[in-house]
Amino acid sequence: MIISCSSDDDISPNNPESAYELQSIDWRFNEENPEELISVELPEFYFKNESDSILPVSINPLEYLEGSSRFIFNDSLAFAEFNYPVHEISAPMDTFFLESTYARVQGRIQPVILQQETFNFAFSSNSSSTTEIPPNNELRAIYTLAMKKVYADFLITYKDANTGAIKTFDGVWEGYFYNNNTQVEFAMNEIE
């Protein structure tokens, strides 16, 4: 939905006389899809020590995974025509502090506002572990990670610094995160 407080029909950022600035982004609980917990089993990590000395090994199961953020605008054509520069914002990682009305929320991730595109980011937490493999042994490790998909409604407000005109865009935001929980199964066996 687009709301404008001006009768001027040409107040897009493409008009040199307009100077829209991001004013706010507000969030509320999405009742249709609040949150999904997902269990991801990674491919097995395998290490073999055929030497006569101890082999130190470090495993970071999050190294090849990324989080994601996606804004799905209710009026995607209007936002595409608005053609506003990319902005980095603060987004919620949990739904427990969202309510049924829009409110400002500070999140721990900083995605960018992109039109229907997925923005990927590295996880900020580190889940690496270090172990040692004795001589003539092999190590197999299977990691299961707890992931979370969060859905929240958003309301973005822009204001033209010259005319005071306001534009708002709303929709659903989808975020995919590591839920800070890892289960691991280690198996150390002597090489035959």
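The values are calculated or read from the model by the stated rules, or taken from the named source; none is laboratory data. No experiment lies behind these values; they were computed from the predicted model shown. Glycine also receives a Cβ, built like all others from the backbone with ideal geometry; neighbour counts cover every protein chain displayed.
Identify, please: which residue in region 76-101 is within 26 Å of F177 (Cβ to Cβ) and charged (D, E, K, R) and is, among those, surrounded by the most Cβ atoms within 10 Å (Cβ to Cβ)? Taking the candidates together, the pick is D94. For region 176-190, filtering for residues that are in contact with a Lys or Arg (Cβ under 7 Å, 6 or more places away or on another chain) and modelled with pLDDT of 90 or more leaves 2.
Filtering region 156-192 to residues that are under 30 Å from E21 (Cα atoms) and charged (D, E, K, R) leaves K159, D160, K167, D170, E174.
Screening A146 on (1) of a type outside the set (F, W, Y); (2) more than 25 Å from I59 (Cβ to Cβ); (3) part of a strand (DSSP E or B) shows it passes everything except condition (2). Examine region 144-166 for a residue that is at pLDDT below 85, among the polar types (S, T, N, Q) and surrounded by 14 or more Cβ atoms within 10 Å (Cβ to Cβ), and state whether such a residue exists. No, region 144-166 contains no residue that is at pLDDT below 85, among the polar types (S, T, N, Q) and surrounded by 14 or more Cβ atoms within 10 Å (Cβ to Cβ). Residue count for region 40-75 satisfying the condition of being touching a Lys or Arg at 6+ places or on another chain (Cβ under 9 Å) and loosely packed, with under 13 Cβ neighbours inside 10 Å: 2.
The set of residues in region 124-143 that are hydrophobic (A, V, I, L, M, F, W, C) and either more than 17 Å from S58 (Cβ to Cβ) or crowded, with 17+ Cβ neighbours inside 10 Å (or both) comprises I133, L139, A141.
Only one residue in F73, F47, F119, F29 is in contact with a helix residue (DSSP H, G or I) (Cβ under 7 Å, 6 or more places away or on another chain) and at pLDDT 85 or above, so which one is that?
F73
Residue-by-condition table, conditions (1) acidic (D, E); (2) under 30 Å from K167 (Cβ atoms); (3) modelled with pLDDT under 95:
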site: I3; (1), (2), (3): no, yes, yes
site: D10; (1), (2), (3): yes, yes, yes
site: N33; (1), (2), (3): no, yes, yes
site: S53; (1), (2), (3): no, no, no
